[in-house]
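J.: One structure is given below, represented as structure tokens, and several questions about it will come after.
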């Protein structure tokens with residue numbers, strides 16, 4: 001079997017089985033794990049699959065995978081984005097950390113900041129746990145209904161709690177960003193909560209790896225113009241970056 005046919009079959013298997021591991025694919029095609037990793041990398045570059053630790057998923061399934069799997073995707077990019085985001089935080093500020101794996105990396109950065117005191121509002125239980133023993137951080141959780149796969153809280157209770165709060169800066173994790181349509185998420189309740197976060201924050205900083213740019217999703221959170229700063233990785237398409245900047249958004253590539 002030649003390389004092109006093997007990769008076509010790998011893609012088909014991952015789509016039909018909702019995932020594929022390096023070990024299983026190597027056994028099936030009687031090739032080395034190194035060869036399969038090369039195949040998966042090539043397929044991921046075309047957008048046909050999404051790489052995860054030890055294998056791959058169909059791109060259509062990526063919004064529904066558990067957070068412990070999501071955090072392995074584009075991990076190096078997320079760490080760089082988080083480090084750049086954390087540099088913005090000043091002593092005494094109140095910041096909002098939206099749910100997500102990139103914002104969780106920001107929480108890890110916050111743990112090491114040499115600050116006397118900051119307030120962090122978050123709707124993500126995993127982020128609250130990360131910051132629970134950081135003595136310079138006061139954690140505020142608005143409550144709401146738990147979405148287990150993301151450890152995030154949303155719904156009317158969360159919205160009501162946020163209406164009485166104000167923040168200096170929002171770090172908004174982005175599921176999808178299209179310059180023409182705006183910021184998007186698959187989850188209606190989270191879209192409403194994110195829109196409210198934008199309203200109560202003086203500055204909105206969108207944080208996302210470049211794979212989310214030009215993706216589209218069910219619920220629109222806000223137009224791109226409501227973002228003050230986008231921090232993303234250097235693999236972002238220059239054309240997309242230019243289109244975002246043309247709408248008055250500062251874009252920082254890391």
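J.: Counting other beta carbons within 10 Å of each Cβ, put 218, 229, 183 in order, fewest first.
T.: Arranged by neighbour count, lowest to highest, 218, 229, 183 become 218, 229, 183.
J.: Given the peptides 147-155, 166-174, arrange them by the average over their residues of other C-beta atoms within 10 Å, most packed first. Kindly include the intermediate steps, with their values, before the conclusion.
T.: On the way: 147-155: 19.8, 166-174: 22.8.
Most protected by this proxy first, the peptides run 166-174, 147-155.
J.: I'd like to know how region 132-254 sits against the 2.2 N^0.38 Å rule of thumb: what's its Cα Rg over that expected value? Can you show the working numbers first?
T.: Details: Rg = 14.8 Å, N = 123, 2.2 N^0.38 = 13.7 Å.
For region 132-254, the normalised Cα radius of gyration comes out at 1.08.
J.: May I ask you to derive the FRET efficiency for residue 93 and residue 45 from their Cβ-Cβ distance with R0 = 41 Å, giving the value to the nearest 0.05?
T.: Given R0 = 41 Å and the Cβ-Cβ separation, E is 0.55.
J.: According to a simple spin-label model (label point 7 Å from Cα along Cα-to-Cβ), what is the distance in nm between residue 180 and residue 237?
T.: Going from the residue 237 label point to the residue 180 one covers 1.1 nm.
J.: Starting from one equal scatterer on each C-alpha and no solvent at all, send me the Debye-based log10 I(q)/I(0) for region 3-62 at q = 0.18, 0.27 Å⁻¹, two decimals.
T.: Cα-only, vacuum Debye calculation for region 3-62: -0.49, -1.19.
J.: List the residues of region 227-254 whose backbone N lies under 12 Å from a point placed 7 Å from the Cα of residue 83 along the Cα-to-Cβ direction.
T.: Once the point is set 7 Å along Cα→Cβ of residue 83, 254 turn out to lie under 12 Å by backbone N, inside region 227-254.
J.: Taking the Cα centroid of region 177-254 and of region 80-121, what is the distance between the two, rounded to the nearest whole Å?
T.: A separation of 18 Å, based on Cα centres.
J.: Could you list the residues of region 1-16 with an amide nitrogen less than 11 Å from a label point located 7 Å from the Cα of residue 31 in the Cα-to-C-beta direction?
T.: Only 1-11 pass the distance filter.
J.: Rounded to the nearest 0.05, what FRET efficiency is calculated for residue 53 and residue 111 with R0 set to 22 Å and r the Cβ-Cβ distance? Display every interim value, and only then the final one.
T.: Details: r = 23 Å, r/R0 = 1.06.
Computed FRET efficiency for residue 53 and residue 111 comes out at 0.40.
J.: P(r) tail for the chain, what percent of Cα pairs lie past 29 Å?
T.: Looking at the chain, the distances longer than 29 Å represent 33 percent of pairs.
J.: Looking only at the chain, where both bridge partners belong to it, what percent of the DSSP beta bridges are antiparallel (to the nearest 5)?
T.: Around 40 percent antiparallel, to the nearest 5.
J.: How large is the helix-only mean residue ellipticity at 222 nm for the chain, computed as the sum of -39500 (n - 2.57) over DSSP H runs with n ≥ 4, divided by its residue count, in deg cm²/dmol to the nearest 500? Let's see the in-between values first.
T.: Numbers: 10 runs with 99 residues, N = 254.
Helices in the chain give a 222 nm mean residue ellipticity of -11500 deg cm²/dmol.
No lab work stands behind these numbers, since they all come straight from the coordinates. Computed from a predicted model, the values in this text were never measured in an experiment. No Cβ is skipped: glycine too gets one built from the backbone with ideal geometry, and neighbour counts run over all protein chains shown.
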